[in-house]
Amino acid sequence: MSLLIKGNVKVGNEVFLFNLPPRLTCTPTKWCLEGRKGKPMCYALRNNFRLPSVIKSLKKRYNATKQKGFVAKMVLEIQKAAPEYFRFHSSGDFYSMKYVEKIIEIVRECPETLFRTTTRRRDLTRTIRELNSLPNCIVRESLDDERPQPKMGLNFVIPARLCKNKNVFFCEDDCEECNYYCWEHRVNTKGREL
Ligand code: SF4
């Protein structure tokens, strides 16, 4: 099984992704679980992500992260695909310090690719900041109604309705159109639904 997934409507076909199961790996707030009139606001808990085949493949990838050859396999796949841009965790999050350390190794081994991800794992701040300090990786803290203030010393992503600051970059949900701005710049971003 290939660990990488190729693109989606938002990021475009040339980007590669690596996703993990929501809930099992992240720390959802009430907003994530019920913020959409009692239903999940998090897109990883809706739509295609609820299909049994998708749930199964996310679990397989989670299991793969615990296997001995995970870093080498990921590095091989990324180097073979050679994407300019890579997104960790369209669904899911860093679930342990050991896992973040593996991602650090992967990012270091693939200096030609720009990596981007978001996180809510404040309990792993120190190691996540180490990952964010690499020149080819940007990690943003994901904020919402329940936790509108950044605490991790990272750039952040926030729903636009919570952020009136004109200097925060507005995400239009179309990466090709926006020329991959948030991969290329260490800025805060706001969007319709983040
Ligand atoms: S800011 Fe631009 S590059 Fe970043 S996620 Fe939004 S549309 Fe994509």
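Out of all the residues in segment 97-109, is one or more part of a strand (DSSP E or B), free of Cβ contacts under 8 Å to residues at least 40 places away in the same chain and of a type in the set (Val, Ile, Thr)? There is no residue in segment 97-109 that is part of a strand (DSSP E or B), free of Cβ contacts under 8 Å to residues at least 40 places away in the same chain and of a type in the set (Val, Ile, Thr).
May I ask you to list the residues in segment 152-169 that are farther than 17 Å from Thr117 by Cβ and either among the basic types (Lys, Arg) or surrounded by 14 or more Cβ atoms within 10 Å (Cβ to Cβ) (or both)?
Of everything in segment 152-169, those that are farther than 17 Å from Thr117 by Cβ and either among the basic types (Lys, Arg) or surrounded by 14 or more Cβ atoms within 10 Å (Cβ to Cβ) (or both) turn out to be Pro159, Ala160, Arg161, Cys163, Lys164, Lys166, Val168.
Checking each residue in segment 47-91 for being aromatic (Phe, Trp, Tyr) and farther than 14 Å from Ile103 by Cβ picks out Phe49, Tyr85.
Looking only at residues in segment 161-194 that are under 15 Å from the mean Cα position of the chain (by Cα), more than 8 Å from the ligand (Cβ to nearest atom) and at pLDDT below 95, the one that is farthest from Phe88 (Cα to Cα) is Glu193.
Count, please, the residues in segment 110-129 that happen to be surrounded by 15 or more Cβ atoms within 10 Å (Cβ to Cβ) and outside any loop (DSSP other than H, G, I, E, B). The qualifying residues number 10. Taking segment 58-88 only, how many residues are over 22 Å from Tyr180 (Cα atoms), in a helix (DSSP H, G or I) and free of Cβ contacts under 8 Å to residues at least 12 places away in the same chain? Qualifying residue count, segment 58-88: 3. Within segment 135-194, the residues that satisfy the criterion of being free of Cβ contacts under 8 Å to residues at least 40 places away in the same chain and of a type in the set (Gly, Ala, Ser) are Gly153, Ala160, Gly191. The set of residues from segment 33-44 being more than 21 Å from Ser96 (Cα to Cα) and either in a helix (DSSP H, G or I) or aromatic (Phe, Trp, Tyr) (or both) comprises Leu33, Glu34, Tyr43.
Exactly one residue out of Thr27, Thr65 is under 26 Å from Val107 (Cα atoms), β-branched (Val, Ile, Thr) and modelled with pLDDT of 90 or more, and it is Thr65. Among the residues of segment 28-39, the one identified as touching a residue at least 60 places away in the same chain (Cβ under 8 Å) and surrounded by fewer than 14 Cβ atoms within 10 Å (Cβ to Cβ) is Lys30.
Using the structure shown, decide if Gly35 is within 19 Å of Arg147 (Cβ to Cβ) and under 18 Å from the mean Cα position of the chain (by Cα).
Numbers: within 19 Å of Arg147 (Cβ to Cβ): yes; under 18 Å from the mean Cα position of the chain (by Cα): no.
Considered against the rule, which asks whether it is within 19 Å of Arg147 (Cβ to Cβ) and under 18 Å from the mean Cα position of the chain (by Cα), Gly35 comes out as no.
Return a yes/no flag: does segment 139-154 have any residue that is away from the ligand (no atom under 12 Å from the Cβ), part of a loop (DSSP other than H, G, I, E, B), within 18 Å of Asp93 (Cα to Cα) and small (Gly, Ala, Ser). Yes, segment 139-154 contains a residue that is away from the ligand (no atom under 12 Å from the Cβ), part of a loop (DSSP other than H, G, I, E, B), within 18 Å of Asp93 (Cα to Cα) and small (Gly, Ala, Ser).
Residue pairs whose Cβ atoms lie under 8 Å apart, sitting 6 or more positions apart in sequence or on different chains, and linking a residue in segment 13-24 that is assigned to a loop (DSSP other than H, G, I, E, B) to a partner that is polar (S, T, N, Q) and modelled with pLDDT of 90 or more, are Asn19/Ser90; Asn19/Ser91; Leu20/Thr65; Leu20/Ser91; Pro21/Ser91; Pro22/Ser91. Consider segment 150-194 and keep the residues that are of a type in the set (Val, Ile, Thr) and out of contact with any Ser or Thr (no Cβ under 6 Å at 6 or more places or on another chain). The one that is farthest from Arg87 (Cα to Cα) is Val168.
The values are calculated or read from the model by the stated rules, or taken from the named source; none is laboratory data. As the structure is a prediction and not an experimental result, all values here were calculated from the model. Neighbour counts are summed over all protein chains in view; Cβ atoms, including those assigned to glycine, are modelled from backbone coordinates with ideal geometry.
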